[in-house]
There are 2 protein chains.
Amino acid sequence: MATIKDIANAAGVSLATVSRVINNGPKVGDATRARIKEIMKEMGYRPNANARALVTQRNPSLGVVLAELSDPFFATLAHGIESVARKKDIQVLLSSGSIQSKTEMKAIDTLMEHRCEAMVVHSKALSDDALIEYAKEIPGFILINRYIEQIANRCVWLDNYAGGCTIAKHLLALGHKKIAIISSQYQIDDPVLRTKGVEDELAAAGITIDRNAIELATPDQEGGEQAMQNLLTKGAEFTAVVAYNDAMAAGAMSMLLDHGISVPNQVSVIGFDDVILARYCRPKLTTLKYPIEMMGIKAAELALSLASNKQTDQTDETYKYTPTIVKRESVAIAGHQ
Amino acid sequence: MATIKDIANAAGVSLATVSRVINNGPKVGDATRARIKEIMKEMGYRPNANARALVTQRNPSLGVVLAELSDPFFATLAHGIESVARKKDIQVLLSSGSIQSKTEMKAIDTLMEHRCEAMVVHSKALSDDALIEYAKEIPGFILINRYIEQIANRCVWLDNYAGGCTIAKHLLALGHKKIAIISSQYQIDDPVLRTKGVEDELAAAGITIDRNAIELATPDQEGGEQAMQNLLTKGAEFTAVVAYNDAMAAGAMSMLLDHGISVPNQVSVIGFDDVILARYCRPKLTTLKYPIEMMGIKAAELALSLASNKQTDQTDETYKYTPTIVKRESVAIAGHQ
DNA sequence: TTGTAAGCGTTATCAT
DNA sequence: ATGATAACGCTTACAA
């Protein structure tokens, strides 16, 4: 593969001049510039990104660490991130499949070895301390979907608790009093906060949720089906079901339908996330919009700008997003079972 | 950031020795090795991947070029690819969002600048010639979802034509004679081949499709709805609808349902791809399984192995996959309209 | 406007 | 078993 040296030789100039042409540097005669460009094209020259990263001590890439690409939620997030990278013509280094803290850590370390200075990471497994440490070392380190007070200006996150409140308010307004909850068996912050929001809001209206009407399962369609199955088996009474996410809601809904229970006439179902599935399933799912793509875009922009202006770290700005309700067909006024 | 030199100084040894320790090279005293490792840990040493790539003239990364990450189909593909990279502890360089030939080309070029030798690319926009050229230059260049004869051993692809035949056979066996087709308005190879498979098989049974019963639209849910709308408006007669993909099938189905036409009792609907949506929608979609994750895995393995054993390029092996039918609820024996 | 030369962090080939 | 030292391809003062 042709190097800068080959070009210089062929053009009868020095390395420096070629380098200037490559980088659109100033102080190069128009004639020489044109000639060199011509020769580069002829010889199929391609700059060596590694050499460049080495000498400049910087890698203009955006590192991305995600839990799971095949999940539509993460795919949408990745899409948002990728769109800003593409617009700025920046290469994305992706690591997904990290669900354990070890894998997450390794992913970040690999990115660091590439001297990647901008990265948006989704981490549920690593400790606050570990992440704070990374944030110190990496100028453009942005956390998505997680809030850590000490590095608040590095966090782009969703107010899950507020989401829970919104759901409860909506259901309350429609006259629902017996409410079931289907949540994730992984009781990390997201599901816990959402449930707490629902419960607190309900409590404010003098309603408590029957312990019998809470089911935990895997946060996917199968989990939703199973959880609903269990609810039905136990004979729990409810006119509305709050699911941890859309996938579980869809699963719960199909199980309800399979049992001849009409949604939303007999039972209302509400999801969370507003992934594409929410529009596909029947009845169409009423859910909370998780503006994940928008958040991904914000996170990517933040990471990139922090990585370049290494000074502007200490802002007081904060990046909290609040989910809003998307009314479709799966929720109605309280019926009688 | 600490370099190999810093470590060498701190340990009172030469660069070479430290390098040997890092690479688990032989010929290093156990005591020295231990001491150096200790110091590396203390100083938080991280090898510089760029320097390494420069001197070794190779980048142990896997480049991935996709059209659109937010599409569940591509997300699944990416997931397959990523899983093998992760297993082999290889960094993924991702470029998505390439729908035009310029973007695709740029994505590949960027990867080349990083001296990436293994890549799996999904390209619909670039010409055969351009791709053949890349395949020549890049040892581990693998094309997914595309077949080019001259570089057949670099192609991991699906037999769309066979898929069309399978669909037709299935419908024929159930007594369907009046069949409508909803295809993509982008008449690139995939939709064309699928339709041709259907038509040829039908023709073999003496059945031709009414030109009136063919609709093209965008290959998504909205497109499916619109196409079905048009079919209905035109008063086309059919007992079964063959859709280009699951999204269109789902759209068509919901439009049918909205018009009070029962699926599959009055009209059968069959999709293609078997994305997650096929299991979510109601009735559950009968469709053809596109083993995209499996294919992604194959492609990634191929790319990586080709990139390392630069000799084994000229095999006669070929990587064709055949879609198989997944029977669910949306297809039944021919009814009367 | 152009050239010279040092150096980025590693690996790898020689010596020792 | 360990050390010097020359690359790798590029950018960037500093000279000319």
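Taking the C-alpha atoms only, the angle from helix B:30-43 to the longest principal axis of chain B is near 70 degrees.
Note down the magnitude of the dipole of chain B about its Cα centre, charges +1 on Lys and Arg C-beta and -1 on Asp and Glu C-beta and zero elsewhere, to the nearest 20 debye. Present the calculation step by step, with values, prior to reporting the outcome.
On the way: 36 positive and 39 negative charges, 271 e Å.
For chain B, the charge dipole is close to 1300 debye.
Label-point distances for A:GLU149 to the equivalent site in the other copies, using a point 7 angstrom along Cα→C-beta, read 7.0 nm when ranked shortest first. Site-free segments of chain B were taken between trypsin sites (Lys or Arg not before Pro) in DSSP loops having at most 10 other Cβ atoms within 10 Å, sites themselves excluded; the longest one is B:28-309. Summary of the geometry: the stretch A:125-148 and the stretch B:128-156, compared by the centres of their Cα atoms, lie 41 Å apart. Placing dummy labels 7 Å off each Cα toward the beta-carbon, the span from A:GLU38 to A:ALA205 is 7.8 nm.
Taking amide H positions as modeled 1.01 Å from N, with prolines and chain starts lacking one, the residues under 5 Å from B:GLN185 and 5 or more places away or on another chain are B:ALA217, B:THR218.
Its alpha carbons give the stretch B:160-290 an Rg and a Dmax of 12.9, 35 Å.
Hey, got the dipole for the stretch B:1-82? About the Cα centre, +1 on K and R Cβ, -1 on D and E Cβ, debye to the nearest 20?
Values: 10 positive and 7 negative charges, 124 e Å.
Dipole of the stretch B:1-82, to the nearest 20 debye: 600 debye.
Look at where the Cα atoms of the stretch B:216-238 and of the stretch A:250-310 average out, and the two centres are 27 Å apart.
Between A:ILE214, A:VAL64, B:THR110, the Cα set farthest toward the positive side of the dipole of the protein assembly as shown (charges on each charged residue's Cβ, about the Cα centre) is that of B:THR110. Note that the stretch A:247-261 has calculated 3J(HN,Hα) couplings of 4, 5, 4, 5, x, 4, 5, 5, 5, 4, 4, 4, 8, x, 9 Hz, one per residue in order, obtained from phi through the Karplus relation 6.51 cos²θ - 1.76 cosθ + 1.60 (θ = phi - 60°); glycine and proline are x.
Given axes a ≥ b ≥ c from the Cα gyration tensor, I'd like to know whether chain A is rounded (a/c under 1.5), prolate (a/b larger than b/c) or oblate.
Working: a/c = 3.22, a/b = 2.63, b/c = 1.23.
Cα axes put chain A in the prolate bin.
For the set B:ILE90, B:ILE36, the ranking by accessible area, highest first and with no ligand, DNA or RNA atoms included, is B:ILE90, B:ILE36 under a 1.4 Å probe. For the stretch A:112-207, lysine pairs with C-alpha atoms less than 30 angstrom apart, excluding pairs fewer than eight positions apart on the same chain, total 8. Ranking B:THR195, A:ALA227, B:LEU171 by Cα position along the charge dipole of the protein assembly as shown, where only Lys, Arg, Asp and Glu carry charges on their C-beta atoms, puts B:THR195 farthest toward the positive end. Of all lysines in the structure, those lying under 20 Å Cα to Cα from A:LYS87, and not within fewer than 8 positions of it along the same chain, are A:LYS298, B:LYS102, B:LYS106.
Shown for A:PRO47: label points 7 Å from Cα along the beta-carbon vector, and their distances to the equivalent points in the other copies, 2.6 nm in ascending order.
For the stretch B:2-91, just say rounded, prolate or oblate: build the C-alpha gyration tensor, square-root its eigenvalues into a ≥ b ≥ c, call rounded for a/c under 1.5, and beyond that prolate if a/b exceeds b/c, oblate if not. It is prolate, given that a/c is not under 1.5 and a/b is the larger ratio. Shown are A:ASP159, B:ASP316, B:ASP30, whose ranking by accessible area with a 1.4 Å probe and every protein chain present, most to least, is B:ASP316, B:ASP30, A:ASP159. Taking amide hydrogens as placed 1.01 Å from N in the peptide plane, the amide H of A:ASN145 sits under 5 Å from those of A:VAL156, A:TRP157, A:LEU158, each at least 5 positions away in sequence or on another chain.
Would you mind telling me the antiparallel percentage of the DSSP bridges in the protein assembly as shown, rounded to 5? The antiparallel fraction comes to roughly 10 percent.
Label-point spacing at B:ASP6 relative to the other copies reads 3.6 nm, in ascending order, each point sitting 7 Å out from Cα along Cα→Cβ. The relative contact order of the stretch A:160-290 comes to 24 percent, based on Cα pairs under 8 Å that sit 6 or more residues apart.
When A:VAL267, A:VAL275 are compared by accessible area of protein heavy atoms, the largest-first order is A:VAL275, A:VAL267, using a 1.4 Å probe.
Can you bin the protein assembly as shown into rounded, prolate or oblate? Criterion: square roots of the alpha carbon gyration tensor eigenvalues sorted a ≥ b ≥ c, rounded for a/c under 1.5, prolate for a/b above b/c, oblate for the rest.
Here the protein assembly as shown falls in the oblate category.
Dividing the helix sum by the residues of the protein assembly as shown, where each DSSP H run of 4 or more adds -39500 (n - 2.57), gives a mean residue ellipticity at 222 nm of -14500 deg cm²/dmol. The spacing between the stretch A:8-86 and the stretch B:14-30, judged by their C-alpha centroids, is 34 Å.
The values are calculated or read from the model by the stated rules, or taken from the named source; none is laboratory data. Since the structure is predicted, the reported quantities are computational estimates derived from the model, not experimental observations. Cβ atoms come from the backbone with ideal geometry, glycine included; neighbour counts cover every protein chain shown. Ligands, DNA and RNA are stripped out before the accessible areas are found, and what is left, the full protein with its side chains, is counted by its heavy atoms. Shrake-Rupley method; radii C 1.70, N 1.55, O 1.52, S 1.80 Å.
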